[in-house]
Amino acid sequence: MIKNKATDIDVLVIGGGNAALCAALTAVEAGARVMLLEAAPREWRGGNSGHTRNLRCMHDAPQDVLIDAYPEEEFWQDLLKVTGGLTNEKLARLTIRESATCRDWMRSHGVRFQPPLSGALHVARTNAFFMGGGKALVNAYFRSAENLGVDIRYDAPVDRIDVDDGRFVAAHVGNTRITAKACVLAAGGFESNRDWLREAWGQNALGEWPVDNFLIRGTRFNQGVLLKQLLGMGADSIGDATQAHMVAIDARAPLYDGGICTRIDCVSLGVVVNRNAERFYDEGEDFWPKRYAIWGRLVAQQPGQIAYSIIDSKAIGRFMPPVFEGVQADSLPELARKLSMDVDVFMQTLNRYNQSCRLGNFDHTALDDCYTQGVNPAKTHWARPIDTGPFYAYAVRPGVTFTYLGLKTDETAAVHFGTKPSRNLFVAGEMMAGNVLGKGYTAGVGMSIGTAFGRIAGTRAAQAALNQEIGSRA
Ligand SMILES: Cc1cc2nc3c(=O)[nH]c(=O)nc-3n(C[C@H](O)[C@H](O)[C@H](O)COP(=O)(O)OP(=O)(O)OC[C@H]3O[C@@H](n4cnc5c(N)ncnc54)[C@H](O)[C@@H]3O)c2cc1C
């Protein structure tokens, strides 16, 4: 049971992931009395942040776990490229600069860093890895928040909030109404809300509801309840409901919370066919870290939203092995049979591909000169015949990481209503990440945005609450 006297709480933080925790910690550091409402029970706390491994950091010279330099301009250009310009430069640069200075603060709350383990996506220069992963990070933040007196409530999903003329008044958890002087919304995207995803994606030409075959890589608790309510009451929005970051993941992954270990990383070493045994995209277009995030959508566009990554034994040892073994066979026709595919069509596809390979010097660490000729779609790098048994297949499905639709904000992290910033309602993390990352992705930037805006939102909310207190005493 949540009790709240109107005067008890200065800052109410809604959410229990990285952005919420950063907001709660900065608000309590600023002298505010803070309550944090986490929808999940304690053992599932932390949202998608618990699944993360790193954050992207600007730095001008080598720094502890970060090698070389990753200057502001390069970070900005990377963002510009992946978003195709769908980014607010002011907010992006603010995030980038914050990423240069936030790690000491993170350490002061118990977060530890480590160099990347092998199998990470070539990011030793740009990304700082959390020792123990995102789970250790959120545990450290929760511990620190408890020690600093933040009132943390689990199993506390907020159903709705009361807003009066752009001002936050109260939040409702079931029958309990909680008032506070200021509020930070940090409740993630809506990727776990399959009904909303279904509505956004609709039906395809085959009459299928593609979303029914999607898996959610992270928490089940990001239902987008407050995002929907805020958009409904006229808060300014950013982004498109049909856009989501999606990775092709092991089709055997659980519906929620499979996390990073469900990724299938051998696509660029072989070919990918759909359930009709047809190839549909260039598997060697670019380095895997730059392409893994487009394959979720590609698979989503295939019949049945399933595809199969096919490799031969030459690929073994060249990629991070999946948790579960693939389907294995000594010959390609046997593999097709095991996958319940039309053997003739499968062999036609594989033979056509194998015959089209123009072998150069195979080098998986470079954009090499092994490519196909005369086959559609082409494979432009790392094209080698699939001819050396045993052969392996991994079934993949679209795995949703996060959605892009969010609330529009500015450098103060305020929620806007009709372009007017709220004086006491702020937003951080995935709920506003679309301001910086309108589409696309570059590894680690989700946590950079959440850390930067969580801290800004926490500071601003504390200021709003404490100024209000002074105002009411005057
Ligand atoms: C498998 C996976 C790996 C990833 N790896 C990385 C990585 O290495 N680096 C990186 O930068 N990004 C990564 N991301 C993206 C990253 O997780 C997000 O960008 C980031 O965690 C967003 O933080 P957040 O606090 O906004 O949301 P979350 O961490 O998802 O937290 C949202 C919180 O809100 C709570 N909540 C939701 N609704 C309500 C409600 N109505 N009332 C109360 N509480 C509510 C949830 O329970 C949850 O605690 C990864 C994502 C996934 C799924």
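Where a number appears in this text, it was derived from the coordinates with a stated rule and is not lab data. Just so we're clear, the structure is a prediction, and the values are computed from it rather than from any experiment. Quick reminder, even Gly has a Cβ in these numbers, built from the backbone with ideal geometry, and neighbours come from all protein chains shown.
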Please order Y371, Y141 by the number of other Cβ within 10 Å, starting at the fewest. Y371, Y141
In nm, what is the difference between 0.36 nm times the number of residues separating Q328 and D165 and their Cα-Cα distance? 52.5 nm
Can you tell me which of 204-215, 95-106, 246-257 comes out highest on packing, and rank the rest after it, using the mean Cβ neighbours within 10 Å? 246-257, 95-106, 204-215
Which of the residue pairs K81/K181; K338/K379; K81/K135; K379/K439; K314/K439; K314/K338 have a Cα-Cα distance greater than 28 Å in the structure shown? K81/K181; K81/K135; K314/K439
Gain on full stretching of the segment that runs from E74 to K135 - 0.36 nm per residue minus C-alpha separation: 19.0 nm
Potential extension, A366-A124 segment - 0.36 nm per residue separation minus Cα distance: 85.4 nm
Mark the label point 7 Å from the Cα of D344 along Cα→Cβ and return the residues of the range 279-314 whose backbone N is within less than 20 Å of it. 279
From the gyration tensor of the Cα coordinates in the range 246-399, what semi-axes in whole Å does the equivalent ellipsoid have, largest first, with each one equal to sqrt(5λ)? 21, 18, 15
Taking the Cα centre as origin and putting +1 on Lys and Arg beta-carbons and -1 on Asp and Glu beta-carbons, what dipole magnitude results for the range 118-257, to the nearest 20 debye? 440
Provide the FRET efficiency to the nearest 0.05 for the N175-W209 pair, computing r from the beta carbons and using R0 = 51 Å. 0.90
In whole Hz, the Karplus estimates of ³J(HN,Hα) for the range 240-246 (6.51, -1.76, 1.60; θ = phi - 60°; x where Gly or Pro) are 10, 5, 7, 8, 8, 7, 9
Quick one: what do you get for the chain if you divide its Cα Rg by 2.2 N^0.38 Å? 1.04
Which order do the peptides 386-394, 330-338 come out in when sorted by mean C-beta neighbours inside 10 angstrom, highest first? 386-394, 330-338
Which FRET efficiency value, to the nearest 0.05, do you get for Q63 and K228 by plugging their Cβ-Cβ distance into 1/(1 + (r/R0)^6) with R0 = 35 Å? 0.30
Given points 7 Å out from each Cα along the Cα-Cβ axis, report the R97 to D8 separation in nanometres with one decimal. 3.9
What are the membrane-span-like helices in the chain by this rule: whole DSSP H runs, Cα extent along the axis at least 20 Å, mean Kyte-Doolittle hydropathy at least -1.0? 89-108, 133-147, 445-473
